[in-house]
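Derivation of every value follows stated rules applied to the coordinates shown; laboratory data play no part. Source: prediction; values computed, not measured. Positions of Cβ are generated from backbone atoms using ideal geometry, with glycine treated the same way; all protein chains shown enter the neighbour counts.
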Amino acid sequence: MPHLTTPEAEALLDKEFPVLDKGFVRLVDYMGSDQRIVAAARVSYGTGTKTVREDEVLINYLMRHEHTSPLEQVVLTFHVKLPIFVARQWIRHRTARVNEISGRYSVMKDECYLPVEETLRTQSTINKQGRAETPVSPESAKTIVEEMAAGQRDAYARYEAMLASDLAREVARIGLPLSLYTEWYWQIDLHNLFHFLKLRLDAHAQWEIREYAKVMAEITKAVAPMAYAAFETYDLKQVKFSAETLEWLRANLPDGLDIPLELRERLEVK
């Protein structure tokens, strides 16, 4: 099969899409497309053997039944500029290949993330790792952002002073804040990228990493639009039932009710 590209993805290559105040996402390269997925699923020797409609049906079937290995044939490489605290959340997705800028080799840039005042919220009382819906008062938000900026300036000035005294970069960097921006190349196959997006587009994910996920979702949609549509239908927007809930549904749904095929199969209803 020849090298596969999509015009929509080609148009995005090497473009920086801004995220947060100083970050970005850039599609460096990609390998494969929807056609690569269906070819891998069919072990095909060429394109044109099936219609676009049949390709879409096959991709939907793969996503619905969690036959994910053909999706791993598609690989995307991103260049991402992001705050270190976002990177520490992000790196937990261990199925990617990562190369990050090193503070041992390079002098880190004086670039730190400052949140927009309107995004500041109080601590959630029901989710220990998240924000509540209650906004911080405008007066408090202004003070908080100003204090963050002052702390960042002070930390970077101390870093520069240590470098000027010829302290090793790997030691001088220790006092830099988590808000400092870092950069990396992040390469991942489509199956695992979908898993990343499912978790990081969720409303419970931290707001800052969701902003990156939104941009990456649009880029992914350009690379493999049929696969992304199937991901939305059968994974991102899917509701899963526990065994207990399925038992309740079996016992309480009225006979003869017209229900979707997916639920019918789960309930083992004829």
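Assorted remarks:
- In summary, helices (runs of 4 or more DSSP H) completely within the range 171-238 and bearing 2 or more residues that are over 15 Å from ARG88 (Cα atoms) and under 9 Å from the mean Cα position of the chain (by Cα) occur at 190-200, 207-223.
- Qualifying residue in the range 244-255 (condition: under 26 Å from VAL74 (Cα atoms), out of contact with any Lys or Arg (no Cβ under 7 Å at 6 or more places or on another chain), assigned to a helix (DSSP H, G or I) and polar (S, T, N, Q)): no
- As a summary of the residue check, ARG92 satisfies the conditions (1) loosely packed, with under 14 Cβ neighbours inside 10 Å; (2) in contact (Cβ under 8 Å) with a residue 12 or more places away in the chain; (3) not hydrophobic (A, V, I, L, M, F, W, C) except for the one numbered (2).
Per-residue answers, yes or no, for (1) of a type in the set (Lys, Arg); (2) within 26 Å of the chain's Cα centre (by Cα); (3) farther than 25 Å from LEU27 by Cα:
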| position | (1), (2), (3) |
| --- | --- |
| LYS81 | yes, yes, no |
| ILE84 | no, yes, no |
| ILE91 | no, yes, no |
| LYS109 | yes, yes, no |
| GLN123 | no, yes, yes |
| ARG153 | yes, no, yes |
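- Failed item in (1) farther than 26 Å from ALA155 by Cβ; (2) in contact with an Asp or Glu (Cβ under 8 Å, 6 or more places away or on another chain); (3) not charged (D, E, K, R), with VAL80 passing the rest: (1)
- Only one of ILE174, ILE188 that is β-branched (Val, Ile, Thr) and buried (at least 17 other Cβ atoms within 10 Å of the Cβ): ILE188
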